[in-house]
Amino acid sequence: ADDEIGQLATSFDQMLAELEDAHRQTEQALQTQRRFVADASHELRTPISVVRSGLEGLMDDVLEPTPQNFAALHNKTLLVSRLVDDLQALALADAGRLSVHRQRLHLPELLAHIQATVGAQFEEQGVHLELDLQEGLPALHADGQRVEQVFLNLLSNAARHTPAGGRVRVSARATDGPFVEVRVSDTGPGLDPADLPRAFDRFYRADRSRSRHSGGAGLGLAIVKALVEAHGGAVAAENAPGGGACFRFTLPVAEKAAQG
């Protein structure tokens with residue numbers, strides 16, 4: 001009916017639909033939170049158990065107090081420390097309190113520093129790292145340490161999935177808008193199309209058979225997403241036309257940011 005009762009019924013139906021949608025979103029958020037806590041506990045439990053067993057072995061004289069054994073235990077504590085730091089960064093990002101200290105940042109200089117830092121690792125793996133930067137690339141309005149972390153996470157991910165003799169390529173171009181777009185691509189097997197939408201999910205590993213030792217905790221790409229979005233940029237995952245995975249993201253240009 002088109003009278004007041006009919007309008008009331010329509011409004012009531014709309015309210016019910018909105019409540020059902022809100023309930024569904026709340027339930028999904030709770031499930032995501034529960035899964036995150038379970039995954040975080042699982043990731044932390046293994047290295048902590050190893051450290052505990054090692055210390056108990058040393059105390060009971062079952063394990064020899066050799067430099068190798070101490071080094072192994074120390075490596076596990078470093079792993080726990082990195083996991084805690086990553087989880088804290090993600091928690092701050094969720095709360096909107098991830099600190100970003102913006103300044104003029106020259107990307108070629110930063111990438112030259114990063115190339116010098118990871119160059120030995122790439123050479124050891126037999127993977128070629130190349131830079132392809134647009135000439136006259138504008139300065140960025142970004143946090144140098146945060147952007148460096150983005151690159152290190154992406155390069156570490158690319159190196160793990162690129163076979164010896166392969167190539168990892170970092171390219172950067174200015175967009176029509178106030179951003180620079182960066183692409184990190186490799187010549188590895190690429191991503192399964194089904195995995196692309198979840199590439200930046202926390203604790204998600206595209207290769208489920210990959211061990212945690214070689215595949216990481218599944219937080220690297222989630223950290224990348226959080227850091228880029230904290231700068232006002234966007235991230236995406238795709239497969240390069242010639243094969244291999246490609247991760248692209250945008251960062252704001254200094255001059256445009258200052259005008260805004």
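The values are calculated or read from the model by the stated rules, or taken from the named source; none is laboratory data. Remember, predicted model here, so these are calculated numbers, not experimental data. What goes into the accessible areas is simple: the full protein's heavy atoms, side chains included, and nothing from ligands, DNA or RNA. Shrake-Rupley method; radii C 1.70, N 1.55, O 1.52, S 1.80 Å.
Accessible area per residue, 1.4 Å probe, Å², for the chain: what's the number?
Numbers: 15560 Å² over 260 residues.
I get 60 Å² per residue for the chain.
Which whole-number percent is the relative contact order of the chain (Cα, under 8 Å, 6+ apart)? Numbers along the way, then the final one.
Working: 337 pairs, mean separation 45.4, N = 260.
After rounding, I find 17 percent.
Pairs of Cα atoms nearer than 8 Å and 6+ residues apart set the relative contact order; for segment 1-150 it is 20 percent. Given springs between every Cα pair under 10 Å in a Gaussian network model of the chain, which of His74, His23, His113 has the largest fluctuation? Looking only at His74, His23, His113, the largest GNM fluctuation is found for His23. Pairwise Cα separations in segment 37-149 fall into 10 Å bins from 0 onward with the following percentages, short to long: 11, 24, 27, 25, 10, 3, 0. Among (1) 1.81; (2) 1.07; (3) 1.27, find the value of Cα Rg over 2.2 N^0.38 Å that was calculated from the structure presented, and write down its label. Structure-derived value, by its label: (3). Per atom type, the chain shows carbon and sulfur on 52% of its accessible surface, probed at 1.4 Å. Scanning the chain for long hydrophobic helices, with DSSP H runs required to stretch 30 angstrom or more by C-alpha along their axis and to average at least -0.5 on the Kyte-Doolittle scale, returns 4-59, 67-94.
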